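One structure, as structure tokens, below. Some questions next.
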Ligand SMILES: *[C@@H]1O[C@H](CO)[C@@H](O)[C@H](O)[C@H]1NC(C)=O
Ligand SMILES: *[C@@H]1O[C@H](CO)[C@@H](O)[C@H](O)[C@H]1NC(C)=O
């Protein structure tokens, strides 16, 4: 009888706790500073020896200044994730900064492993995400305001103002990952077959080639 109750309780516990795995796993120790020299492959990175950990492992000055926005999209994303801050390994959070020239766009993309929040440092932005029911949820943001992009949903930010804009970003993953929709489909290696794109977008192969050439100009 007692065994049955315990078994039933475990089943309920497992069922209830499953959604808790929808983000980075919990850490099992205080710190696990990523050891970039290790060849060991684990979910995340192997830990550096505790004796070799310093404040530098938890520090990054790379989002202190505006990023260069003189590119095709007029925006630049600078991650402050585990690749820049090894001390973030196993901690389940990261940040970043996005700079926008006037008219600049952070083109539609998703983060497969994290929900994102942004805080407008300066300037103004038009932002939005699209739900799986194909509804656009959008908002105009001013300095000091925040907005949320739920995990996995395609989203974008555009500076329709006349001055530069910048945001600080926050993620519930040490490495949220980014798939930019246009670049993913049109600049992958090897390329996505033409007929996949001509059918999906209902255009001809010349148009597909034109987009490829513009997104990844041959050097
Ligand atoms: C700490 O770093 C030094 C220099 O990189 C290395 O020689 C040493 O083996 C490291 N200590 C441990 C315990 O891994
Ligand atoms: C952007 O500007 C910087 C500094 O002015 C320059 O070094 C860099 O090559 C430029 N990048 C592009 C893509 O034009």
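The values are calculated or read from the model by the stated rules, or taken from the named source; none is laboratory data. These numbers were taken from a predicted model, which means no experiment stands behind them. Glycine also receives a Cβ, built like all others from the backbone with ideal geometry; neighbour counts cover every protein chain displayed.
Go over the candidates 39, 87 one by one and state the one that is assigned to a loop (DSSP other than H, G, I, E, B) and within 16 Å of ligand 1 (Cβ to nearest atom).
Answer to the selection: 39.
Further question: Mind checking which residues of the stretch 42-74 are farther than 30 Å from residue 121 by Cα and either outside the structural domain of residue 91 (by TED's automatic domain parsing) or part of a helix (DSSP H, G or I) (or both)?
If the condition is that a residue be farther than 30 Å from residue 121 by Cα and either outside the structural domain of residue 91 (by TED's automatic domain parsing) or part of a helix (DSSP H, G or I) (or both), then 50, 51, 52 are the ones that fit.
Is it the case that some residue within the stretch 98-117 is within 16 Å of ligand 1 (Cβ to nearest atom) and touching a residue at least 40 places away in the same chain (Cβ under 8 Å)?
For the stretch 98-117, residues within 16 Å of ligand 1 (Cβ to nearest atom) and touching a residue at least 40 places away in the same chain (Cβ under 8 Å): absent.
Being in a strand (DSSP E or B) and more than 16 Å from ligand 2 (Cβ to nearest atom) narrows it down to one residue among 82, 143, 127, 77; which is it?
127
For the condition over 13 Å from the mean Cα position of the chain (by Cα) and assigned by TED's automatic domain parsing to the domain that holds residue 78, what is the one hit in 129, 156, 171?
The match here is 129.
So which of 51, 64 is within 16 Å of ligand 1 (Cβ to nearest atom) and surrounded by fewer than 12 Cβ atoms within 10 Å (Cβ to Cβ)?
Going through 51, 64 in turn, just one is within 16 Å of ligand 1 (Cβ to nearest atom) and surrounded by fewer than 12 Cβ atoms within 10 Å (Cβ to Cβ): 51.
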